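Q: Encoded as structure tokens, here's the structure I'll be asking about.
The values are calculated or read from the model by the stated rules, or taken from the named source; none is laboratory data. Quantities reported herein were computed from a predicted structural model and do not represent experimental measurements. Because the Cβ atoms are built from the backbone with ideal geometry, glycine has one as well, and the counts that use them run over all protein chains shown. With ligands, DNA and RNA removed, areas are computed over all heavy atoms of the protein, side chains included. Shrake-Rupley method; radii C 1.70, N 1.55, O 1.52, S 1.80 Å.
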Amino acid sequence: RVPEEVATLQLAVDAAEAGGYVCVGPGAWAGARVSQPVWIQATGAPDATILDGAGRNPILTIEDAPGTRVQGLTFTGGSSTFGAALRVIQSDSVVIIGNRFNDNVALADGGAVSIEASNGVQLTTNQFSSNEAGGSGGALSVVDSASTEVDSNTFSRNHADAEGGAIWLLRTTDAVVE
């Protein structure tokens with residue numbers, strides 16, 4: 001539990017067992033790197049639990065952590081080359097649900113979220129607003145992945161300098177966007 005038991009999200013992720021829960025209390029927190037499957041969830045409303053990249057850092061990277069779940073957080077101020085708010089790399093069956101992605105900037109692709117070489121990722125009931133990509137996928141970029149589901153999300157005022165102001169799919173099979 002952040003901040004009741006540990007001071008940062010990264011310390012909580014590092015202390016969690018594979019498949020364990022990381023509960024994040026209201027407040028503004030720096031991001032983390034996730035390398036084992038965990039469930040990261042806000043204990044309050046998304047507008048009260050904020051992961052902030054401070055305009056100079058990527059917020060959350062999930063790499064080699066299949067089955068990770070991220071729920072109920074606001075991601076803002078992320079800055080990175082790919083996936084400024086959330087980057088999923090080689091992690092199948094990740095669930096991203098009920099989050100807000102606002103004002104994140106990627107120099108290349110995936111202004112808010114980048115999914116790379118990850119199959120069966122689900123994005124449900126998230127809000128994407130005012131995210132930007134210097135390349136493609138102003139809000140969301142999905143590359144070299146299969147069976148990605150993008151369902152019941154809201155996209156507004158996202159921008160990409162190249163392709164896909166909201167969503168960009170490249171070398172992606174069996175994707176469902178509803």
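Q: Expressed as a whole percentage, what fraction of the accessible surface of the chain belongs to carbon and sulfur atoms when a 1.4 Å probe is rolled over the protein heavy atoms? Working shown, then result.
A: Working: 3560 of 7400 Å².
Carbon and sulfur: 48 percent of the exposed surface of the chain.
Q: Whose amide H sits under 5 Å from the amide H of Arg69, counting only residues 5 or more places off or on another chain, with H placed in the peptide plane?
A: Close amide H contacts, sequence-distant or interchain: Val38, Trp39, Ile40, Val95.
Q: For the chain, set up a GNM with springs between Cα atoms under 10 Å and report which of Asn153, Asn99, Asn119 has the largest fluctuation.
A: Of the options given, Asn153 has the highest mean-square fluctuation.
Q: With +1 on the Cβ of every Lys and Arg and -1 on the Cβ of every Asp and Glu, and nothing else charged, how large is the dipole of the chain about its Cα centre, in debye rounded to the nearest 20? Please report the intermediate quantities before stating the final value.
A: Working: 8 positive and 20 negative charges, 62 e Å.
That gives the chain a dipole magnitude of about 300 debye.
Q: Distance from a point 7 Å along Cα→Cβ of Glu178 to each backbone N in region 153-168: keep the residues under 11 Å and list them by number.
A: Label zone hits: 153.
Q: Could I ask something else about it? What is the sum of charges around Ala15, taking Lys and Arg as +1, Asp and Glu as -1, for the other residues whose C-beta is under 13 Å from the C-beta of Ala15? Mind dumping the intermediate values first?
A: Numbers: positive: Arg1; negative: Glu4, Glu5, Asp14, Glu17.
So the environment of Ala15 carries a net charge of -3.
Q: Report, in whole Å, the centroid distance computed from the Cα atoms of region 1-58 and region 114-151.
A: Cα centres, region 1-58 to region 114-151: 21 Å.
Q: Contour minus end-to-end for Val95 and Arg56, with contour as 0.36 nm per residue of separation and end-to-end as the Cα-Cα distance? All intermediate terms of the calculation are to be shown ahead of the outcome.
A: Values: separation 39, 0.36 × 39 = 14.04 nm, distance 2.56 nm.
Gain on stretching Val95 to Arg56: 11.5 nm.
Q: With every protein chain kept in place and ligands, DNA and RNA left out, what is the accessible area per residue of the chain? Probe 1.4 Å, answer in Å².
A: Working: 7400 Å² over 178 residues.
Computed with neighbouring chains in place, this is 42 Å² per residue.
Q: Please list 130-141, 158-169, 45-56 highest first by mean number of surrounding beta-carbon atoms within 10 Å per residue. Before the final figure, lay out each step's value.
A: Working: 130-141: 26.8, 158-169: 19.8, 45-56: 16.5.
Sorting 130-141, 158-169, 45-56 by mean packing, highest first, produces 130-141, 158-169, 45-56.
Q: Cβ under 13 Å from Ser141's Cβ, Ser141 left aside: what net charge do those residues give with Lys, Arg +1 and Asp, Glu -1? Show your work: numbers first, answer last.
A: Working: positive: Arg87, Arg171; negative: Asp109, Glu116, Glu132, Asp144, Asp161, Glu163.
Within the 13 Å Cβ shell, the charges total -4.
Q: Go ahead and set up a Gaussian network model of the chain, Cα springs under 10 Å, then flag whichever of Ser79, Ser152, Ser91 fluctuates most.
A: Per the Cα network of the chain with a 10 Å cutoff, Ser152 tops the list.
Q: Around Ala146, which amide H atoms from residues at least 5 apart in sequence, or from another chain, sit under 5 Å from its own amide H, with H modelled in the peptide plane?
A: Ser118, Asn119, Gly120, Thr173
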